[in-house]
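Reviewing the structure listed below.
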């Protein structure tokens with residue numbers, strides 16, 4: 001099975017999601033939500049969840065999958081591992097934030 005690699009911007013997004021969730025809904029919900037995201041990462045690696053290709057307009061290859069209120073963007077790395085590129089809330093402007101996360 002492929003390993004899951006959390007790329008730098010995705011790591012920052014996970015921190016933001018955890019802090020926001022904890023501030024608004026408490027520690028328990030923050031833990032459950034982050035655990036749910038990591039469960040999805042594992043399902044991606046095991047090919048147990050359907051993903052869609054990132055739209056061509058984004059200018060990058062890869063895939064995405066939804067988890068509750070977030071969209072997980074991922075790609076295959078050169079060694080065939082899974083790279084979690086970024087995680088964006090459904091209300092964010094995805095193309096702009098995706099490009100910013102990929103390019104920085």
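Every number here is computed from the coordinates shown, using simple stated rules; none is lab data. Model, not experiment: these values are computed from the prediction. Every residue, glycine as well, gets a Cβ built from its backbone with ideal geometry; the counts of neighbours run over all protein chains shown.
Per-structure values
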read-out	value
Boolean, residue 64 is within 19 Å of residue 16 (Cβ to Cβ), outside any loop (DSSP other than H, G, I, E, B) and without any contact (Cβ under 8 Å) to a residue 24 or more places away in the chain	yes
Those residues of the range 30-57 which are touching a helix residue (DSSP H, G or I) at 6+ places or on another chain (Cβ under 6 Å) and in a helix (DSSP H, G or I), in sequence order	30, 33, 34
